[in-house]
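Here the structure is laid out as structure tokens; the discussion comes afterwards.
The values are calculated or read from the model by the stated rules, or taken from the named source; none is laboratory data. Predicted model, so just to flag it, every value in this text is computed and none were measured. So basically every Cβ, Gly included, is an ideal-geometry build from the backbone, and we count neighbours across all protein chains shown. These accessible areas exclude ligands, DNA and RNA; they are computed on the full protein's heavy atoms, side chains included. Shrake-Rupley method; radii C 1.70, N 1.55, O 1.52, S 1.80 Å.
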Amino acid sequence: MKRLSVPTLAFTLLAISSLACSIGSTAVDSTEAPPTAARPSPTPAPPATNPPIESERRCGDGVCDGPENSQSCPEDCAAEPLEEVEGAEESEDPQPTKPREEGPTDGEAGPGSDFRILYHLTEHTVTSNQMNGETCYLFNFRRFLDAGHIRLDPTENEILELKDHPTSKVTAKALDTYYYMSSPNDPVAETFGMAMFNWDVEDQTLWAAGFDGGPPQQVMGSSDDRFPGAVGTGPGNAHLVYLETRRPAQEPNQMVGAIAGKMNPFVADSSLLLTAAASGHAERALEEQTNRQLFTSFSDVSPDGRFLYTIARRTDGFEFMRITLDSGKETSFTALFPSFDWQAVDWTEFFPPSDDFSYASFIISPDEKRLIAYKNVFTANLDNPCYSEARHDLWVFDLEANTLDHSEGRRGYVTDGQWRPDSTSFALAIVGNSGCYPDYLDSWIDTFDPKGEKDLTLVEEAESRITTLGWSPDGEQIAYDVYTTDFVGRLKLIEVARRHVHEIVNTQDLGYDVDRSAPVTLLFADWITGAHRP
């Protein structure tokens, strides 16, 4: 399929907004007026606005406000009867792959009942653009808010109040410490008439905070020319992996700065820092040989927590790497899999040098036998400026048979993907089309065998957008986030064997009334393990 660049600035802005946080742009129904309802503010307002009083949103202050509710703060909020999650309406022509939406039977904890789900709240803006006489309505990411974690029942939902203005999703894989980045400066800036997130905002800090409370501890701060660029964790939180990024020379809130920084795979401005949680021992790797886009595209940690798989930026291209987390040892895939013809890999297919802001993502199987890559392809429709056709390409690197299969033009664009822990299959979250509402609001989750052949569709979400997903550590469930035209963000769970779906929590449960001028949604962040404190 021929790859076409979108010729208009509006579509360029849309593409950049989509890449900036893997949220993309959605739409608001143009037939509805956007009424605004009251909503809590889970992060302090910028200094130019009226700041909240010191006690606001704090559990134990005697006021049930902000994201507090009877589950997260029983001291302040009276208990309310739990509402049952309604089942999905049956289709007149039901498809065998579509699950019934239901929860565990009363008294049945269900699989994975010891796990918890970490999530992040995000705020958006609804804007409209005039294109060739058409009004296109967009739903764009604006900022990160607070985070939270919840049991699957769902009980013990707890809000994590993050310091200052978060500049990353929260991350954790064990119920001891969580990590995130933030800045005291508001990262939202007006660019080309749109609210754009400034990923290079000054004074960013990487924080570590305990789930048992207490002030966060600084892991890395900013200097005149360096700042924390990205963060991730290994299994059991045994290792913290993050980037030290060199500050770009140009103004970060300019369009060229956004491309040159957060989303540019062609720079070599970052180094990997690896810290063992138990000992505090730290190592460095890929010294100014990587960047934030490459870390976003590929940064998988092995199930045993020993290795990080990622991509290095080389003078003449790119290189797949395995980094030993305890020592920082760098091993190329060329040495790791010497029988594979790595010279045959065309990196321009994954990272086009121009006119294409859509870059590939990679996921390696836990058994280290296959590497999957997917890349989205968007084709503009000049007859309908609010719509662009979305397809994706899929590559399967068979590291045992030393083969590379490439499938082009698959339906929809991929928002997230992950291997099942036992390496027997992988799942992709897919959205039907791209553009403005209502052209692309249909999403589904498909599973595939290790060769990339489709197994089945686990769930379909009509007029909705799925953003992120994650397999449970036991491989029995998939958690995912979704929002639809009612502007309510939802966190849902699929019991894979039965293909049963039930909702765990939504933004209204967390105290966020629908505000069509600044909708709040949920992002799945990770699965966490470990007993919760009494």
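Pairs meeting the criteria (first residue in the range 194-209 and modelled with pLDDT of 95 or more, second residue among the small types (G, A, S), beta carbons under 6 Å, at least 6 apart or on different chains) are D203/S183; D203/S222; Q204/S183; Q204/S222; T205/G221. Considering the range 263-278 alone, what residues qualify as being part of a loop (DSSP other than H, G, I, E, B), closer than 20 Å to V219 by Cβ and open to solvent by less than 40 Å² (accessible area, probe 1.4 Å)? Listed by number, the list holds a single entry, D269.
Against the list (1) crowded, with 21+ Cβ neighbours inside 10 Å; (2) modelled with pLDDT of 95 or more, the condition A258 fails is (2). Spot the failing condition for Q130; the list is (1) without any contact (Cβ under 8 Å) to a residue 40 or more places away in the chain; (2) crowded, with 20+ Cβ neighbours inside 10 Å, and only one is missed. It is condition (2) that Q130 fails. Tallying residues that are free of Cβ contacts under 8 Å to residues at least 60 places away in the same chain and within 20 Å of L274 (Cβ to Cβ) within the range 224-241 yields 3. Could we say that K169 is at pLDDT 95 or above, within 30 Å of S388 (Cα to Cα) and open to solvent by 20 Å² or more (accessible area, probe 1.4 Å) here? Yes; evaluated as a whole, the condition is true for this residue.
The single condition from (1) over 23 Å from the mean Cα position of the chain (by Cα); (2) within 17 Å of D398 (Cβ to Cβ); (3) buried (at least 18 other Cβ atoms within 10 Å of the Cβ) that P338 fails is (3).
Candidates in the range 465-495 are the residues that are over 16 Å from T122 (Cβ atoms), of a type in the set (S, T, N, Q) and open to solvent by less than 30 Å² (accessible area, probe 1.4 Å); of these, the one that is farthest from the chain's Cα centre (by Cα) is Q477. Taking the criterion of being within 25 Å of W342 (Cβ to Cβ), assigned to a loop (DSSP other than H, G, I, E, B) and more than 22 Å from the chain's Cα centre (by Cα), the residues of the range 396-437 that qualify are L399, E400, A401, N402.
The residue list Y440, Y483 contains one member that is modelled with pLDDT under 95 and part of a strand (DSSP E or B), which is Y483.
Restricting attention to the range 155-171, does a residue exist that is touching a helix residue (DSSP H, G or I) at 6+ places or on another chain (Cβ under 7 Å) and touching a residue at least 12 places away in the same chain (Cβ under 8 Å)? I'd like the intermediate steps shown before the answer.
Within the range 155-171, the subset touching a helix residue (DSSP H, G or I) at 6+ places or on another chain (Cβ under 7 Å) is none.
Within the range 155-171 (the criterion being touching a helix residue (DSSP H, G or I) at 6+ places or on another chain (Cβ under 7 Å) and touching a residue at least 12 places away in the same chain (Cβ under 8 Å)), the answer is no, since none of the residues qualifies.
Those strands (runs of 3 or more DSSP E) of the range 186-239 in which 3 or more residues are touching a helix residue (DSSP H, G or I) at 6+ places or on another chain (Cβ under 9 Å) and within 30 Å of P366 (Cα to Cα) occupy 226-233.
Tell me which residues, restricted to the range 349-389, are among the small types (G, A, S), under 19 Å from the mean Cα position of the chain (by Cα) and closer than 15 Å to G435 by Cβ. S358 - this is the single residue of the range 349-389 that is among the small types (G, A, S), under 19 Å from the mean Cα position of the chain (by Cα) and closer than 15 Å to G435 by Cβ. Any residue at all in the range 279-288 that's under 26 Å from L404 (Cβ atoms), open to solvent by 40 Å² or more (accessible area, probe 1.4 Å) and in contact (Cβ under 8 Å) with a residue 12 or more places away in the chain? No, the range 279-288 contains no residue that is under 26 Å from L404 (Cβ atoms), open to solvent by 40 Å² or more (accessible area, probe 1.4 Å) and in contact (Cβ under 8 Å) with a residue 12 or more places away in the chain. Residues considered: F318, F295. Of these, the only one that is surrounded by 17 or more Cβ atoms within 10 Å (Cβ to Cβ), assigned to a strand (DSSP E or B) and touching a Leu at 6+ places or on another chain (Cβ under 8 Å) is F318. Looking at the range 390-425, which of its residues are among the acidic types (D, E) and open to solvent by less than 10 Å² (accessible area, probe 1.4 Å)? Residue satisfying the conditions is D393 alone. Just to verify a result, which residue in the range 298-315, among those that are in a strand (DSSP E or B) and of a type in the set (A, V, I, L, M, F, W, C), is surrounded by the fewest Cβ atoms within 10 Å (Cβ to Cβ)? Across the range 298-315, the extreme among qualifying residues is A312. Can you confirm whether E453 is at pLDDT below 95 and open to solvent by 10 Å² or more (accessible area, probe 1.4 Å)? Answer is no for this residue. The condition of being of a type in the set (S, T, N, Q) and under 20 Å from I159 (Cα atoms) holds for only one of T521, T447, T484, that being T521.
Restricting attention to the range 123-134, the residues that are out of contact with any Leu (no Cβ under 6 Å at 6 or more places or on another chain) and either within 19 Å of K492 (Cβ to Cβ) or modelled with pLDDT of 90 or more (or both) add up to 1.
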